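Worksheet: one structure, shown below.
Every number in this text was worked out from the coordinates using simple rules, so none of it is lab data. All figures in this text were calculated on a predicted structure; none of them were measured in a lab. Cβ coordinates were reconstructed from backbone atoms using ideal geometry, including for glycine residues, and neighbour counts include every protein chain displayed.
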Amino acid sequence: MPESRCLQGIWSSPWIFIFAASGSAVGLGNIWKFPYVLGQNGGGAFLVVYCLCLLLVGLPVLMAEVALGRTVRSNPIDTVNDLSERRIIHPAWVCVPWLAGITGFLILAFYSVIAGWSLAYLNRALSGDLIGVSQASASAMFEGLLDNRTEMLMWHSVFMGLVVLTVGQSVTRGLSAVVRLLLPILVITLVAMALYSMVIGNMSEALSFMFRWSWKDVSFDVILAAVGMALFSLSVGMGAMFAYGAYMSKRMSIARACTIVVGVDLLVAILAGLVIFPLVFSLDIDVQAGPSLTFVSLPIIFGNLLGGQFFAGVFFALLVVAALTSAISMLELFVAWLHEKFYMARLKAALLMGIAVWFVGIAVLLSFHHEDSKILFDLNFFELLDQLTSFVLLPVGAILLSVLVAWFIPGSMLQNEMITKQASHFQWWYNTLKYISIPAMVVITLAGWIGV
Ligand code: PHE
């Protein structure tokens, strides 16, 4: 495909891709979701399985997604259409980018509501409401937010507005500059918070919970949770990285870039765990608490710290920006497609998609309000979307994408793309994808579904 079809040009510096991809990977998944999934799945055993999943599933699939994006340099839907027109693959494969787009759409619907919680806490920090927060008042504050539908709707709308404006402006290039600044500040802030949390909290129990391995805690449920978490956290299986791969400079080794992204993503998630668990154990918060875990424990850190209001403001602002740099990658697939295929202005395309996501988000925020709002399988709408995306759509999307890349796209085409100097690197990746990642994802997903 001629490079002129790539409407935004190629990112010249290799680091631009690394920052943009890290911006997509690092977000609420690391700071809000990872700690509670770790809490619900037994701690240390989950962490080890999670690291293995990142290495044997997440990294190879991420490389596959980026390589495919860079090979054809177009949005995922047109890429697959183009490959099928060239008779390289069957047209039915177009289901893969569509599935990816729908997954991103559904994730964004609840992601935006949670990002709205972060905005609400940023607002509380700036107005001094976090001063002197205790465990009881932190729980009450969170419950109060869930009860206040108008406030949740307002922040969800503000966040979606920010997403639409950002995606609509095509600021993907500027995005990398923002992330370049954001990441180091976020890491330094988290390190400082983790140290403080370990001093005021129960460090030994937290460390033993997070890092102690125990065979009996490993089940297919735990492994499926780890695969789902790894795919979610690396933003793979739904076309976001594909889109960024399309802009990646040819000079960059895909293996190197993706390994850096995985490393950064894991580092931020572990730091978030080190911030939250010492408090959870010293305050007797339930480790299994689920989505409320981060939002109930974090304010306590700031509430009792000298200058805590300021640090809380900085932290929640960073969290909102991190969520924004992830959220825009969820909308990118459809926006790029509408723009490139139908010449629709990016802002119009973003607005169209944003309004649709906003409506689904309303159903999500209502599900937090009612205790008994179970709609299917004893799950409320939020839980249903969360589990549907993490345990079904992301794994299925990742499996189909990997099968497409590993078995249907000619290896020679990919080998050129990988541009690693040693052919053995390419073979290592190709074989891992074919013989480890795909079978592992299929077995784990099926076993998790039938509840082995
Ligand atoms: N990886 C992002 C996070 O950890 C979430 C995300 C999922 C982004 C899927 C894009 C696609 O917060």
Alpha-carbon gyration tensor eigenvalues x 5, square-rooted, for the range 117-201, Å: 28, 23, 8
Globularity index of the range 12-450, i.e. its alpha-carbon radius of gyration over 2.2 N^0.38 Å: 0.94
Ranking of HIS156, HIS425, HIS90 by count of other Cβ atoms within 10 Å, fewest first: HIS90, HIS425, HIS156
Loop-located trypsin sites (Lys or Arg not before Pro) in the range 169-278, at most 15 other Cβ atoms within 10 Å (DSSP): ARG212, LYS250, ARG251
Tail beyond 16 Å, pair distance distribution of the range 170-246 (Cα, percent): 73
Pair ARG212, HIS425: separation of 7 Å Cα→Cβ label points (nm): 4.1
Relative contact order computed over the range 89-208 (Cα-Cα under 8 Å; 6+ residues apart), in percent: 28
Relative contact order (percent, whole number), the chain, Cα cutoff 8 Å, 6+ residue spacing: 37
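Determine, for ILE270, ILE18, the number of other Cβ atoms within 10 Å of each Cβ, and report the residues in order from fewest to most.
ILE270, ILE18
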Cα principal axis extents for the range 288-401, largest first, Å: 54, 37, 29
Set of lysines near LYS33 by C-alpha distance (under 25 Å), chain-local residues within fewer than 8 positions excluded: LYS216, LYS374
